[in-house]
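A.B. asks: Starting off with a structure, shown below.
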Amino acid sequence: MRARYVVAGIGHTAFGKLPGRDTISLNVEACRNALADAGIDKSVVDAVLIKVPTSAHQFMYGQKVAEALGIKPRMGGAWDQGGAANITLISFAIMAIDAGQCDVALICYADNPRSGNRAVYGRPRGDDAAYGWFSTAAGYAMIQRRHMYEFGTRPEHLGAVAIASRRHGAGNPNAQLRSPLTMEQYLNSALLVEPLRRDDCALVSDGGAAVVVMSAKRARALGVPAPVPVLGFGHGQTSYDVQFRQSLTSTEAVRAARTAFSMAGLKPSDVDVAQLYDCFTITVLMTLEDYGFCSKGQAGDFVADGAIEIGGALPINTSGGLLSETGMPGMQLIMEGVRQVRGSARLQVPNVKVCLVSNQGGTMHTHSTLLLGA
Amino acid sequence: MTMPLPAPENTEISRPYWDALKLGRLVFQRCECGHAWLPARRGCPSCLGDKVQWEQACGKGRLVSWVVYHTAYHDAFKHRLPYNVAIVELTEGPRLITNMVDSHERLACDAAVELRVESDEGIALARFALSPRRDDEQGTGSPARRNRA
């Protein structure tokens with residue numbers, strides 16, 4: 001299956017605060033742009049696979065978006081897996097095309113928590129709300145505390161991740177937060193849920209994005225100008241909520257990456273540039289470890305001295321990620337991965353043969369990995 | 001006026017848990033297969049059987065991790081800031097979300113803890129306190145390099 005399927009087009013809306021925009025219209029705009037990027041008409045699309053809006057679940061949402069697109073797909077619907085869903089849906093599309101169930105798939109996501117309702121991020125976590133157990137951030141703070149205890153991870157290590165994303169997003173005209181960050185500013189930024197600082201946390205953003213997936217053969221037949229081959233993908237889910245996991249410091253990135261690298265016949269040292277899900281800075285450190293870029297517990301040292309910044313050993317999140325470009329859960333990373341392989345990124349890494357993209361969801365509940373390359 | 005604490009749902013499944021706490025007892029579920037867990041479920045998530053019994057915890061455990069809130073996501077907690085939320089693993093195995101009654105400066109991962117049931121606005125909650133250190137015990141100050149939790 002390696003390299004027989006491609007991301008044929010990418011498209012997105014503006015990011016940031018988009019008052020008055022509903023998620024369906026954002027999805028439609030992103031899909032229109034992705035179809036234009038692929039140079040194809042919507043009439044060839046026969047699969048529409050959608051990640052549910054995080055902040056506003058709706059019944060039969062996948063059908064509502066397809067209706068707004070004026071498409072009656074053979075395969076279609078919405079998938080709830082948190083931020084891992086984008087890569088998951090790309091892999092589902094590829095497997096479905098391979099099985100003859102569809103030919104051309106649109107995968108899209110949109111949400112409007114910034115101008116709409118962001119209550120989901122501060123939600124009560126079941127009966128434990130009586131103890132004050134609220135929010136997405138607090139689950140990651142539990143994990144970060146444990147990682148700091150077990151491996152001696154320091155605030156400066158987490159700061160290096162935030163600084164890299166903010167540096168890369170600073171010159172991105174589409175980015176929502178374009179102010180670079182110094183270590184001093186990071187260390188002085190407000191504690192939100194300790195040990196998490198404000199600058200460890202993803203942005204809250206309105207916006208949408210979409211990709212088109214098809215076979216390499218179909219892309220040639222349709223004259224798609226810049227198809228990017230998919231080399232591998234993989235998945236993992238712990239399912240258990242954070243307090244019930246036997247280990248707080250290893251993640252499903254291990255299994256997801258093992259599957260993806262095996263499918264692609266590649267290893268971490270083959271990766272030229274990575275787009276790593278940075279909902280919180282601790283996620284990046286643990287993903288680097290669990291993907292095998294460094295040994296367990298050593299990510300703090302790995303990211304020091306600019307290694308993950310442009311010009312470093314493994315540049316990551318070259319358009320700014322969730323910490324700078326947009327808090328949208330994951331699709332921006334896939335689009336930037338496509339641009340890096342095409343050679344059209346604003347902060348282009350030279351001679352990219354392999355770009356790795358990670359997506360994850362919940363409180364590290366779900367993980368998916370995508371390898372793109374020439 | 002301050003908002004009241006968000007009360008637990010207290011369903012048919014979870015009522016024995018909350019009722020026991022009102023009497024100062026922390027209970028968990030154990031299946032005939034030996035698996036023990038919290039929170040309350042109708043069946044065993046290990047063997048999927050339904051021969052489930054309630055068992056009283058000895059009240060001893062270990063502090064797995066904790067966080068300190070500097071922002072309130074619910075009005076009931078605005079006047080409590082900063083407050084902590086912790087994960088404790090009971091000696092019998094089950095884990096739960098809780099609060100530590102000690103000052104935050106004294107908390108440490110893997111510290112021994114013991115049950116301190118408290119009534120808060122009429123809700124009985126299973127909180128924990130750091131166990132008094134025995135002289136023959138090793139300190140927990142140095143980070144474990146093993147991946148224990």
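A.B. asks: Examine the stretch A:236-248 for a residue that is assigned to a loop (DSSP other than H, G, I, E, B) and of a type in the set (Phe, Trp, Tyr), and state whether such a residue exists.
C.D. replies: Keep residues of the stretch A:236-248 that are assigned to a loop (DSSP other than H, G, I, E, B), which gives A:238-241, A:245-248.
Subsequent filtering for residues that are of a type in the set (Phe, Trp, Tyr) retains A:240.
Yes, the conditions are met somewhere in the stretch A:236-248.
A.B. asks: What number of residues within the stretch B:60-115 satisfy the criterion of being within 20 Å of B:PRO6 (Cα to Cα), facing another protein chain (nearest Cβ under 7 Å) and polar (S, T, N, Q)?
C.D. replies: 3
A.B. asks: Report yes if B:LEU107 is touching a residue at least 40 places away in the same chain (Cβ under 8 Å) and either farther than 11 Å from B:VAL64 by Cα or of a type in the set (A, V, I, L, M, F, W, C) (or both), otherwise no. Give the steps one after another, and end with the answer.
C.D. replies: On the way: touching a residue at least 40 places away in the same chain (Cβ under 8 Å): yes; either farther than 11 Å from B:VAL64 by Cα or of a type in the set (A, V, I, L, M, F, W, C) (or both): yes.
Yes, satisfied.
A.B. asks: If A:ARG258 meets every condition in (1) within 12 Å of A:TYR140 (Cβ to Cβ); (2) assigned to a helix (DSSP H, G or I) apart from one, which number is that one?
C.D. replies: Of (1) within 12 Å of A:TYR140 (Cβ to Cβ); (2) assigned to a helix (DSSP H, G or I), only one is false for A:ARG258: (1).
A.B. asks: How many of the residues making up the stretch B:1-17 are more than 17 Å from the chain's Cα centre (by Cα) and within 16 Å of B:GLY43 (Cβ to Cβ)?
C.D. replies: Number of matching residues: 3.
One line per residue, one yes/no per condition, for (1) assigned to a loop (DSSP other than H, G, I, E, B); (2) closer than 24 Å to A:PRO227 by Cα; (3) not assigned by TED's automatic domain parsing to the domain that holds A:ALA260:
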site	(1), (2), (3)
A:LEU18	yes, no, yes
A:GLU29	no, yes, yes
A:ALA34	no, yes, yes
A:ILE40	yes, yes, yes
A:SER55	yes, no, yes
A:PHE59	yes, no, yes
A:LYS64	no, no, yes
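A.B. asks: Only one of these conditions is not met by A:GLY9: (1) farther than 12 Å from A:GLY208 by Cα; (2) over 21 Å from the mean Cα position of the chain (by Cα). Which number is it?
C.D. replies: Among (1) farther than 12 Å from A:GLY208 by Cα; (2) over 21 Å from the mean Cα position of the chain (by Cα), the lone unmet condition for A:GLY9 is (2).
A.B. asks: Pick out the one residue from B:LEU48, B:LEU23 that is loosely packed, with under 14 Cβ neighbours inside 10 Å, farther than 30 Å from B:ALA112 by Cβ and at pLDDT 95 or above.
C.D. replies: After applying the criteria, what remains is B:LEU48.
A.B. asks: Out of all the residues in the stretch A:309-334, which are buried (at least 24 other Cβ atoms within 10 Å of the Cβ), hydrophobic (A, V, I, L, M, F, W, C) and more than 9 Å from the chain's Cα centre (by Cα)?
C.D. replies: Selection gives A:ILE316, A:LEU323.
A.B. asks: Does A:PHE302 qualify as being buried (at least 24 other Cβ atoms within 10 Å of the Cβ) and closer than 19 Å to A:ALA253 by Cα?
C.D. replies: On the way: buried (at least 24 other Cβ atoms within 10 Å of the Cβ): no; closer than 19 Å to A:ALA253 by Cα: yes.
So A:PHE302 fails the test.
A.B. asks: Working carefully through the options A:GLY126, A:GLY70, A:GLY77, find the one that is on the phi > 0 side of the Ramachandran plot, surrounded by fewer than 22 Cβ atoms within 10 Å (Cβ to Cβ) and out of contact with any strand residue (DSSP E or B) (no Cβ under 9 Å at 6 or more places or on another chain).
C.D. replies: Working: A:GLY126 fails: out of contact with any strand residue (DSSP E or B) (no Cβ under 9 Å at 6 or more places or on another chain); A:GLY77 fails: out of contact with any strand residue (DSSP E or B) (no Cβ under 9 Å at 6 or more places or on another chain).
Only one candidate qualifies: A:GLY70.
A.B. asks: Can you name the number of the only condition in (1) surrounded by fewer than 22 Cβ atoms within 10 Å (Cβ to Cβ); (2) among the acidic types (Asp, Glu); (3) within 14 Å of chain B (Cβ to nearest Cβ) that A:GLU150 fails?
C.D. replies: (1)
A.B. asks: Which residues, counting only those in the stretch B:73-117, are of a type in the set (D, E, K, R) and touching an Asp or Glu at 6+ places or on another chain (Cβ under 7 Å)?
C.D. replies: Pass one, the stretch B:73-117, residues of a type in the set (D, E, K, R): B:75, B:78, B:80, B:89, B:92, B:95, B:102, B:105-106, B:110, B:114, B:116.
Correct list: B:ARG95 only.
A.B. asks: Another question, then. Could you check how many residues of the stretch A:180-204 are assigned to a helix (DSSP H, G or I) and either within 21 Å of A:GLY16 (Cβ to Cβ) or not aliphatic (A, V, I, L, M) (or both)?
C.D. replies: Counting residues in the stretch A:180-204 that are assigned to a helix (DSSP H, G or I) and either within 21 Å of A:GLY16 (Cβ to Cβ) or not aliphatic (A, V, I, L, M) (or both) gives 7.
A.B. asks: Quick one: would you say A:VAL193 is within 14 Å of another protein chain (Cβ to nearest Cβ) and touching a His at 6+ places or on another chain (Cβ under 8 Å)? Spell out the reasoning first.
C.D. replies: Working: within 14 Å of another protein chain (Cβ to nearest Cβ): yes; touching a His at 6+ places or on another chain (Cβ under 8 Å): yes.
Yes, satisfied.
A.B. asks: Checking the structure you have, find out if any residue of the stretch B:40-53 is touching a residue at least 60 places away in the same chain (Cβ under 8 Å), of a type outside the set (A, V, I, L, M) and within 13 Å of chain A (Cβ to nearest Cβ).
C.D. replies: Restricting attention to the stretch B:40-53, the residues satisfying the condition of being touching a residue at least 60 places away in the same chain (Cβ under 8 Å) are none.
Checking the stretch B:40-53: not a single residue is touching a residue at least 60 places away in the same chain (Cβ under 8 Å), of a type outside the set (A, V, I, L, M) and within 13 Å of chain A (Cβ to nearest Cβ).
The values are calculated or read from the model by the stated rules, or taken from the named source; none is laboratory data. Computed from a predicted structure; not experimentally measured. Every residue, glycine as well, gets a Cβ built from its backbone with ideal geometry; the counts of neighbours run over all protein chains shown.
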